[in-house]
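Here it is, the structure, as C-alpha cells.
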Amino acid sequence: MAQDLNTEPLQSRLPQLDALRGLAALYVVIYHVMAMADPDLAVPAALLPFVGMGGTGVALFFVMSAFSLCLTWPRHAASGAALRSFYLSRWFRIAPLLLVLLAVMLLKDQLREPARYGVAETVWNVSMLFGLSPDWQPGIVMGSWTIGVEVLFYLLFPLFAIWVRGLLGQLLLLALAFALSLWAAGLPAPFAHLGGVYGALTHWPVFAWGCVLFQLWLCLRDKPVRIRRPLGVALLLVGVIGNALLFYRMLPPVLWLSGWNQSAVFYGAMLLGLLLANNRLLVNRATCFLGTISYSLYLVHPFVVSRLYGVFARLYEHLPPGAAYAGCAAISLALAIPVAWLTYRFVEKPGIRLGHGLFARVSARKRAPAGETQGAY
C-alpha cells in the first residue's frame with residue numbers, strides 16, 4: 001500500500017541501514033588507500049575493477065541518506081514543528097564534525113606561505129553551500145563534496161516530504177530528477193557545475209531513487225515471511241551480481257544511464273533486499289558498529305591514509321603487490337577506525353545531543369505562556 005511521509009513515526013533506526021553504511025564506508029576507504037597515493041598503488045589485476053569502483057560507495061550513501069530522511073520524517077512531522085526539527089537535526093548531525101575538520105585543515109594549511117585558502121573559499125565551506133559554487137565544489141576537507149551535494153538535497157527535502165505522496169508520486173519525482181540531470185549535463189559554462197561530477201543535479205536521481213525504495217519498503221515490509229524473504233534474497237543477489245557485472249564491464253551500456261546511476265540502481269536493490277530478508281553475514285555487530293561511525297570514518301580516513309605513504313612504500317618494496325596492498329588497507333583501517341570512533345564519540349554525539357537539546361528548549365519556549373517565557377530570562 002502506498003503511503004505518504006506524514007504518517008505516524010516509524011522505527012527510526014534499522015540495523016540493515018547501519019550495516020550497509022558500514023560496508024559503504026569500508027568500500028570507500030579501500031578505494032582511497034589505492035587512489036590517494038600518486039601514482040595509484042598497484043592492485044592485482046583480478047581485484048582492480050572491484051577496488052577501482054570503490055568510489056561508488058558514495059552512491060550507496062546517497063541512496064541510504066534519502067531512505068533515512070523518509071524514515072525519520074514522520075518523527076519531525078509529529079513534533080509540531082517539522083521544519084525546525086528537521087533542519088536542526090540535519091545541521092547538528094553533519095556540521096560539527098565537518099567544521100572541526102575544516103578548522104584543522106585551515107590551521108594546517110593557512111600557516112603556509114602563501115596561505116592556501118582564500119576568504120571566499122573558506123566562507124563557502126563554512127556555509128556548507130559550496131555545492132552551489134562553480135569554484136569550490138570539491139570542498140576543502142577531502143571527500144566533503146558529498147556534503148555539498150547532500151545539504152542542497154536537505155534544503156528541498158521537506159517540500160518533497162510534504163507534497164509528494166505515495167509510490168506514484170515518488171516515481172514521478174524520480175523521473176523529474178532524471179530529466180533534470182540530463183538537462184543539467186548540457187548547461188552552459190556559468191551553470192555547468194550543477195551538472196558536473198560534483199553537481200547536485202547530477203546526483204539527485206540517486207536521492208530520488210532512495211525515496212522510491214522507501215515507498216517500496218512500506219509496501220512490502222508487512223508481507224508474509226514466505227513472500228518477503230525470498231523476494232529479499234532475490235533482490236540482494238540482483239544487487240550484488242549486477243554491480244559485479246557492472247564493475248567488470250560485463251554489462252552492455254544503457255542509453256542515458258551512467259555507470260554511476262546504474263550502480264545506484266543495484267545498490268538500491270541490495271538495500272531493499274537486505275531490509276526484506278536480513279542477513280546475519282552482512283548485518284552483525286561489526287558492520288553495525290562501522291555504520292554507526294561511518295560518517296566519521298568517511299571524513300577522517302583521508303587524514304590517516306595521507307600520513308601513511310611512507311609505510312605504503314616500504315610495504316611495496318618488500319612484498320608482492322597483492323600482499324602489499326592488503327597490508328596497506330589493513331594498516332589504514334586499523335588506524336582510521338579508532339580515530340573515527342574518537343571523533344564520533346567526542347564530536348558527533350555531543351553535536352547530536354546539542355541539536356536535540358536546542359530543539360527541546362526552543363519548543364518549550366514556544367509552548368510556554370508569555371509571562372513564563374519572560375521569566376525564564
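Can you run down the residue pairs with Cβ atoms below 8 Å, 6 or more apart or on separate chains, where the first is in the stretch 169-190 and within 23 Å of LEU216 (Cα to Cα) and the partner is surrounded by 15 or more Cβ atoms within 10 Å (Cβ to Cβ) and acidic (Asp, Glu)?
GLY169/ASP4
Sticking with this structure for a sec: So for the stretch 346-356 (the condition being aliphatic (A, V, I, L, M) and either closer than 30 Å to PRO44 by Cβ or modelled with pLDDT under 85 (or both)), does at least one residue qualify? Even if it seems obvious, please write down each step before you answer.
Quick first cut of the stretch 346-356, residues aliphatic (A, V, I, L, M) only: 347, 352, 354.
Going one step further and asking which of them are either closer than 30 Å to PRO44 by Cβ or modelled with pLDDT under 85 (or both), we end up with none.
No, there is no match, as no residue in the stretch 346-356 is aliphatic (A, V, I, L, M) and either closer than 30 Å to PRO44 by Cβ or modelled with pLDDT under 85 (or both).
Being in contact with a Leu (Cβ under 9 Å, 6 or more places away or on another chain), at pLDDT 95 or above and not hydrophobic (A, V, I, L, M, F, W, C) is the filter here; which residues of the stretch 88-121 pass it?
Residues satisfying the conditions are ARG90, PRO96.
Rundown of residues vs (1) touching a helix residue (DSSP H, G or I) at 6+ places or on another chain (Cβ under 6 Å); (2) over 18 Å from GLY131 (Cβ atoms), yes/no style:
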position: LEU156; (1), (2): no, no
position: ARG165; (1), (2): no, yes
position: GLN170; (1), (2): yes, yes
position: ALA184; (1), (2): yes, no
position: LEU187; (1), (2): yes, no
position: HIS193; (1), (2): no, no
position: ALA208; (1), (2): yes, no
position: LYS223; (1), (2): no, yes
position: ARG228; (1), (2): yes, yes
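Something else now. Among the residues of the stretch 312-341, which ones are part of a helix (DSSP H, G or I) and without any contact (Cβ under 8 Å) to a residue 12 or more places away in the chain?
So in the stretch 312-341, the residues part of a helix (DSSP H, G or I) come out as 312-318, 321-341.
Residues satisfying the conditions are ALA313, ARG314, GLU317, HIS318, ALA323, ALA326, ALA330, ALA334, PRO338.
Check MET250 against each of (1) assigned to a helix (DSSP H, G or I); (2) out of contact with any helix residue (DSSP H, G or I) (no Cβ under 7 Å at 6 or more places or on another chain) and name the one condition it does not meet.
(1)
When residues of the stretch 311-321 are filtered for being over 16 Å from TYR31 (Cβ atoms) and within 30 Å of the chain's Cα centre (by Cα), how many remain?
1
Now for a different question. Just need a number here: residues in the stretch 304-321 that are closer than 23 Å to MET105 by Cα and surrounded by fewer than 18 Cβ atoms within 10 Å (Cβ to Cβ).
Summing the residues that are closer than 23 Å to MET105 by Cα and surrounded by fewer than 18 Cβ atoms within 10 Å (Cβ to Cβ) in the stretch 304-321 gives 5.
Can you say whether VAL29 is in contact with a His (Cβ under 6 Å, 6 or more places away or on another chain), over 16 Å from ALA244 (Cα atoms), touching a residue at least 12 places away in the same chain (Cβ under 8 Å) and in a helix (DSSP H, G or I), as far as the supplied structure shows? Break it down stepwise before answering.
Numbers: in contact with a His (Cβ under 6 Å, 6 or more places away or on another chain): yes; over 16 Å from ALA244 (Cα atoms): yes; touching a residue at least 12 places away in the same chain (Cβ under 8 Å): yes; in a helix (DSSP H, G or I): yes.
Yes: the conditions hold for VAL29.
Within the stretch 262-272, does at least one residue satisfy the condition of being touching a residue at least 12 places away in the same chain (Cβ under 8 Å), closer than 20 Å to VAL28 by Cβ and aromatic (Phe, Trp, Tyr)?
Yes - at least one qualifying residue is present in the stretch 262-272.
Among the residues of the stretch 225-260, write down those that are of a type in the set (Ser, Thr, Tyr) and surrounded by 14 or more Cβ atoms within 10 Å (Cβ to Cβ).
Start the filter on the stretch 225-260 by keeping residues that are of a type in the set (Ser, Thr, Tyr), which leaves 248, 258.
Correct list: SER258 only.
Between ALA324, ALA340, ALA334, which is of a type in the set (A, V, I, L, M) and surrounded by fewer than 14 Cβ atoms within 10 Å (Cβ to Cβ)?
Details: ALA324 fails: surrounded by fewer than 14 Cβ atoms within 10 Å (Cβ to Cβ); ALA340 fails: surrounded by fewer than 14 Cβ atoms within 10 Å (Cβ to Cβ).
The unique qualifying residue is ALA334.
Follow-up question, since we're still on this one. Of everything in the stretch 220-266, what is β-branched (Val, Ile, Thr) and under 21 Å from the mean Cα position of the chain (by Cα)? Give them in sequence order.
First pass over the stretch 220-266, keeping only residues β-branched (Val, Ile, Thr): 225, 227, 233, 238, 240-241, 254, 265.
VAL240, VAL265, listed by residue number.
Turning to a different aspect of this structure: Would you be able to say whether some residue in the stretch 359-377 is among the aromatic types (Phe, Trp, Tyr), outside any helix (DSSP H, G or I) and at pLDDT below 95? Can you show your working first?
Quick first cut of the stretch 359-377, residues among the aromatic types (Phe, Trp, Tyr) only: 359, 377.
Imposing the further condition that a residue be outside any helix (DSSP H, G or I) reduces the set to 377.
The next check asks that each one be at pLDDT below 95; those that pass are 377.
Checked against the condition, which is being among the aromatic types (Phe, Trp, Tyr), outside any helix (DSSP H, G or I) and at pLDDT below 95, the stretch 359-377 yields at least one hit.
Another question, if that's okay. Among the numbered criteria (1) under 19 Å from the mean Cα position of the chain (by Cα); (2) of a type in the set (Gly, Ala, Ser); (3) not in a helix (DSSP H, G or I), which one does GLY80 miss?
Failing condition for GLY80: (1).
Any idea how many residues of the stretch 172-204 are surrounded by 15 or more Cβ atoms within 10 Å (Cβ to Cβ), among the small types (Gly, Ala, Ser) and not in a loop (DSSP other than H, G, I, E, B)?
So the count comes out to 5.
If you take the residues in the stretch 117-167 that are without any contact (Cβ under 8 Å) to a residue 12 or more places away in the chain and within 20 Å of the chain's Cα centre (by Cα), which one is farthest from SER306 (Cα to Cα)? I'd like the intermediate steps shown before the answer.
First, pick out the residues of the stretch 117-167 that are without any contact (Cβ under 8 Å) to a residue 12 or more places away in the chain: 118-119, 123, 127, 155-156, 159, 163.
Cutting the leftovers down to within 20 Å of the chain's Cα centre (by Cα) gives us 127, 155-156.
Working: SER127: 26, LEU155: 33, LEU156: 35 Å.
Ranking the candidates gives LEU156 first.
Look at ILE140 and say whether it is of a type outside the set (Asp, Glu), part of a loop (DSSP other than H, G, I, E, B) and modelled with pLDDT of 95 or more.
Values: of a type outside the set (Asp, Glu): yes; part of a loop (DSSP other than H, G, I, E, B): yes; modelled with pLDDT of 95 or more: yes.
The answer is yes for ILE140.
Among the listed residues PHE86, PHE92, PHE67, PHE61, which satisfies the condition of being surrounded by fewer than 21 Cβ atoms within 10 Å (Cβ to Cβ) and aromatic (Phe, Trp, Tyr)? Walk me through it before giving the result.
Values: PHE86 fails: surrounded by fewer than 21 Cβ atoms within 10 Å (Cβ to Cβ); PHE67 fails: surrounded by fewer than 21 Cβ atoms within 10 Å (Cβ to Cβ); PHE61 fails: surrounded by fewer than 21 Cβ atoms within 10 Å (Cβ to Cβ).
Unique residue meeting the criteria: PHE92.
Name the one entry in LEU271, LEU299 that is of a type in the set (A, V, I, L, M), in a helix (DSSP H, G or I), touching a Gly at 6+ places or on another chain (Cβ under 7 Å) and at pLDDT 95 or above. Give the derivation first.
Values: LEU271 fails: touching a Gly at 6+ places or on another chain (Cβ under 7 Å).
Exactly one residue qualifies, and that residue is LEU299.
The values are calculated or read from the model by the stated rules, or taken from the named source; none is laboratory data. Just so it is clear, the model here is predicted, and its values are computed rather than measured. Neighbour counts run over all protein chains shown; Cβ positions are idealised from the backbone, glycine included.
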